[in-house]
Ligand SMILES: NC(=O)c1ccc[n+]([C@@H]2O[C@H](COP(=O)([O-])OP(=O)(O)OC[C@H]3O[C@@H](n4cnc5c(N)ncnc54)[C@H](OP(=O)(O)O)[C@@H]3O)[C@@H](O)[C@H]2O)c1
């Protein structure tokens, strides 16, 4: 490996074996926290050194993700202040980006399955190889050292090079290009885990799955996975054009949520208001039954809007079914009517990112069914703040991707 002081411009790929000492990166710093439009800035920073279980990856493309929005705003936590909390060293800048595709440029001595020149896909799930829970065989996502790359840990994907652990990486599926590979990871693996990992409520052939934000990144992945596995995906969207896209991608039908208004907290509603809420929730459930063609409620509800939709999710879920939740776009201060939880023996299950095993299984599914993640827009390097604003403003369908080294 030869190190060089030469500065490579973004898109100009160093030959394998040559590692620049400096790289361009989109950083956030404490004094700039706020709108993604101004919080992100390009800086020349040191290329990070790798530890024994890590690899240096030249990023080709990266997925845009809500983590970047939360990080830029410093809400709900300041990631610049907390970026040394795990086993990384502390920095006064933070590089976001929790999903990328790229090429391995250097490997630590404990890396077993990858070598320089390999094309890989990196996801957010990081944990310490010394973690006793991981060594004991526990799901790494439950371990105390588990944290998210590019959010709870520095040197994320929005730079020419990233520092990643072997456990974060999988090979790129044979049928995907670099943009699709970057788009496949965070939302695809997250959706796959939500639908397949929670024993007793895993997706079975013929199961109805209600998918909020059906035309979003997570939503379209969930539609594709459910359809490929023989389930019946029913999408919820905010326009008919989004609904038609969901149908094209495999949904049995869609519900336009703008035709309902029973959103938000139910705590504090008067008896009359609650009756009206129930009437709308029941109409919403009938709309699902109409799409399915029988009185069959969702065995799984894929939740992520949070406060606005959780009461409805729990109400429409089948008896013994599961509301599985991985986010809270509308707010994490949500409430539910507990009667629907215990009387109907439903389950609310949290789910977060996915393990390397989840990712490997998902890659196999992608190849078997020739699944291509739906990319709403591809941005170039200089448009990263704009990409985050457009994600926040819910402008495009599917997944948003930024090109770094890819042509
Ligand atoms: N924990 C994890 O591992 C993980 C991984 C990936 C994503 N997430 C989380 O999942 C959420 C979605 O991510 P994404 O990448 O799919 O985002 P996205 O592409 O922006 O899609 C989200 C969709 O949700 C719908 N939506 C937004 N506000 C809503 C509301 N108040 N009520 C109902 N639907 C609403 C919108 O669709 P319509 O307007 O068409 O309804 C939007 O397209 C985010 O909160 C993200 O942080 C978590």
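So which of 311, 298 ends up being within 15 Å of the ligand (Cβ to nearest atom) and either on the phi < 0 side of the Ramachandran plot or in the same structural domain as residue 113 (by TED's automatic domain parsing) (or both)? Before the answer, list the steps.
Numbers: 298 fails: within 15 Å of the ligand (Cβ to nearest atom).
Unique residue meeting the criteria: 311.
Have a look at 11, 34, 63, 68 and point out the one that is more than 13 Å from residue 97 (Cα to Cα), in contact (Cβ under 8 Å) with a residue 60 or more places away in the chain and in the same structural domain as residue 97 (by TED's automatic domain parsing).
Details: 34 fails: in contact (Cβ under 8 Å) with a residue 60 or more places away in the chain; 63 fails: more than 13 Å from residue 97 (Cα to Cα); 68 fails: more than 13 Å from residue 97 (Cα to Cα).
Being more than 13 Å from residue 97 (Cα to Cα), in contact (Cβ under 8 Å) with a residue 60 or more places away in the chain and in the same structural domain as residue 97 (by TED's automatic domain parsing) holds for just one of 11, 34, 63, 68, which is 11.
So, in the stretch 245-258, of the ones that are within 12 Å of the ligand (Cβ to nearest atom) and out of contact with any strand residue (DSSP E or B) (no Cβ under 7 Å at 6 or more places or on another chain), which residue ends up nearest to residue 194 (Cα to Cα)?
Going through the qualifying residues, I end up with 245.
Does residue 210 satisfy the condition of being within 11 Å of the ligand (Cβ to nearest atom) and either in contact with a strand residue (DSSP E or B) (Cβ under 8 Å, 6 or more places away or on another chain) or over 22 Å from residue 102 (Cα atoms) (or both)? If you could, list the steps in order and put the result at the bottom.
Values: within 11 Å of the ligand (Cβ to nearest atom): no; either in contact with a strand residue (DSSP E or B) (Cβ under 8 Å, 6 or more places away or on another chain) or over 22 Å from residue 102 (Cα atoms) (or both): yes.
Considered against the rule, which asks whether it is within 11 Å of the ligand (Cβ to nearest atom) and either in contact with a strand residue (DSSP E or B) (Cβ under 8 Å, 6 or more places away or on another chain) or over 22 Å from residue 102 (Cα atoms) (or both), residue 210 comes out as no.
Kindly provide the set of residues from the stretch 355-374 that are surrounded by fewer than 22 Cβ atoms within 10 Å (Cβ to Cβ), within 18 Å of the chain's Cα centre (by Cα) and under 30 Å from residue 239 (Cα atoms), ordered by number.
365, 372, listed by residue number.
Given the criterion more than 24 Å from the chain's Cα centre (by Cα) and closer than 30 Å to residue 354 by Cα, identify the matching residue among 300, 288. If you could, list the steps in order and put the result at the bottom.
Details: 300 fails: more than 24 Å from the chain's Cα centre (by Cα).
From the options 300, 288, the qualifying one is 288.
Considering only the stretch 12-102, give the helices (runs of 4 or more DSSP H) lying wholly within it that have at least 2 residues that are under 22 Å from the mean Cα position of the chain (by Cα), at pLDDT below 95 and more than 16 Å from the ligand (Cβ to nearest atom).
On the way: elements: 36-39, 66-73, 79-82.
Filter on the stretch 12-102 gives 79-82.
So is residue 329 within 12 Å of the ligand (Cβ to nearest atom), more than 30 Å from residue 171 (Cβ to Cβ) and either crowded, with 23+ Cβ neighbours inside 10 Å or modelled with pLDDT of 95 or more (or both) or not?
On the way: within 12 Å of the ligand (Cβ to nearest atom): yes; more than 30 Å from residue 171 (Cβ to Cβ): yes; either crowded, with 23+ Cβ neighbours inside 10 Å or modelled with pLDDT of 95 or more (or both): no.
For residue 329, the condition - within 12 Å of the ligand (Cβ to nearest atom), more than 30 Å from residue 171 (Cβ to Cβ) and either crowded, with 23+ Cβ neighbours inside 10 Å or modelled with pLDDT of 95 or more (or both) - is not met.
The rows are residues; the columns are (1) touching a strand residue (DSSP E or B) at 6+ places or on another chain (Cβ under 7 Å); (2) in a strand (DSSP E or B); (3) within 15 Å of the ligand (Cβ to nearest atom).
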residue	(1), (2), (3)
336	no, no, no
362	no, no, yes
365	no, no, no
373	yes, no, yes
382	no, no, no
387	yes, no, yes
394	no, no, yes
399	yes, yes, yes
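The rows are residues; the columns are (1) in contact with a helix residue (DSSP H, G or I) (Cβ under 7 Å, 6 or more places away or on another chain); (2) within 16 Å of the ligand (Cβ to nearest atom); (3) assigned by TED's automatic domain parsing to the domain that holds residue 208; (4) within 20 Å of residue 318 (Cβ to Cβ).
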| site | (1), (2), (3), (4) |
| --- | --- |
| 243 | no, yes, yes, no |
| 267 | no, no, yes, no |
| 275 | no, no, yes, no |
| 287 | no, yes, yes, yes |
| 292 | no, no, yes, yes |
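Only one of 234, 223 is within 12 Å of the ligand (Cβ to nearest atom) and either in contact with a helix residue (DSSP H, G or I) (Cβ under 8 Å, 6 or more places away or on another chain) or closer than 18 Å to residue 399 by Cβ (or both); which? Write out each step before concluding.
Values: 234 fails: within 12 Å of the ligand (Cβ to nearest atom).
Unique residue meeting the criteria: 223.
Based on this model, can you work out whether residue 352 counts as within 16 Å of the ligand (Cβ to nearest atom), part of a helix (DSSP H, G or I) and either under 16 Å from the mean Cα position of the chain (by Cα) or buried (at least 19 other Cβ atoms within 10 Å of the Cβ) (or both)?
Details: within 16 Å of the ligand (Cβ to nearest atom): yes; part of a helix (DSSP H, G or I): no; either under 16 Å from the mean Cα position of the chain (by Cα) or buried (at least 19 other Cβ atoms within 10 Å of the Cβ) (or both): yes.
Here the answer is no, as residue 352 does not meet what is asked.
The values are calculated or read from the model by the stated rules, or taken from the named source; none is laboratory data. Please read all numbers here as calculations on a predicted model, not as lab measurements. Cβ coordinates were reconstructed from backbone atoms using ideal geometry, including for glycine residues, and neighbour counts include every protein chain displayed.
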